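First the structure, in the form of structure tokens, and then the observations on it.
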Amino acid sequence: MITSKQVEKRKVVNIQSMLILSRVTAEFSSSFEGLGCLQKIVKTKVSPEAKPVVHPPRKVPVMLKQKVEDVLRRMEKMGVIVS
């Protein structure tokens, strides 16, 4: 059971987090514009011992299917994803 003191503490932490986030986004506003494409080539190192794993795609609930399709179409038009 959560006490009222714990609830108040969470509210304070959330407010502090929001203030920090707004300061960071204001200070580095240019980093938060556009699609977030990197300006240079980035290389990722993977251990030679790493084994690839394939997970099946998650099923989309019927109630959300149309919304998901709309978002995917919008992302495709923006160039975020390619079909």
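The values are calculated or read from the model by the stated rules, or taken from the named source; none is laboratory data. Everything numeric in this text was worked out from a predicted model, so none of it was measured. We place every Cβ from the backbone using ideal geometry, glycine too, and count neighbours over all the protein chains shown.
All but one of (1) of a type in the set (D, E, K, R); (2) assigned to a helix (DSSP H, G or I); (3) more than 20 Å from the chain's Cα centre (by Cα) hold for residue 49; which doesn't?
Just one mismatch for residue 49, condition (2).
Within the range 52-83, which residues are among the charged types (D, E, K, R) and either surrounded by 10 or more Cβ atoms within 10 Å (Cβ to Cβ) or not in a loop (DSSP other than H, G, I, E, B) (or both)? Don't jump to the end; show me each part of the working.
Let us first name the residues in the range 52-83 that are among the charged types (D, E, K, R), namely 58-59, 65, 67, 69-70, 73-74, 76-77.
Listed by number, the residues that qualify are 65, 67, 69, 70, 73, 74, 76, 77.
What's the total number of residues in the range 17-51 that are among the polar types (S, T, N, Q), surrounded by 10 or more Cβ atoms within 10 Å (Cβ to Cβ) and at pLDDT 85 or above? Explain how you work it out, then say what you get.
Of the range 17-51, the ones among the polar types (S, T, N, Q) are 17, 22, 25, 29-31, 39, 44, 47.
Now narrow it down to the ones that are surrounded by 10 or more Cβ atoms within 10 Å (Cβ to Cβ): 17, 22, 25, 31.
If we keep only those that are at pLDDT 85 or above too, we end up with 17, 22, 25.
Here the count works out to 3.
Would you tally the residues in the range 23-41 being within 22 Å of residue 81 (Cβ to Cβ), part of a helix (DSSP H, G or I) and either touching a Gly at 6+ places or on another chain (Cβ under 7 Å) or not small (Gly, Ala, Ser) (or both)?
Number of matching residues: 1.
Of a type in the set (A, V, I, L, M, F, W, C) and part of a helix (DSSP H, G or I): does that describe residue 20? Working first, answer last.
Numbers: of a type in the set (A, V, I, L, M, F, W, C): yes; part of a helix (DSSP H, G or I): yes.
The answer is yes for residue 20.
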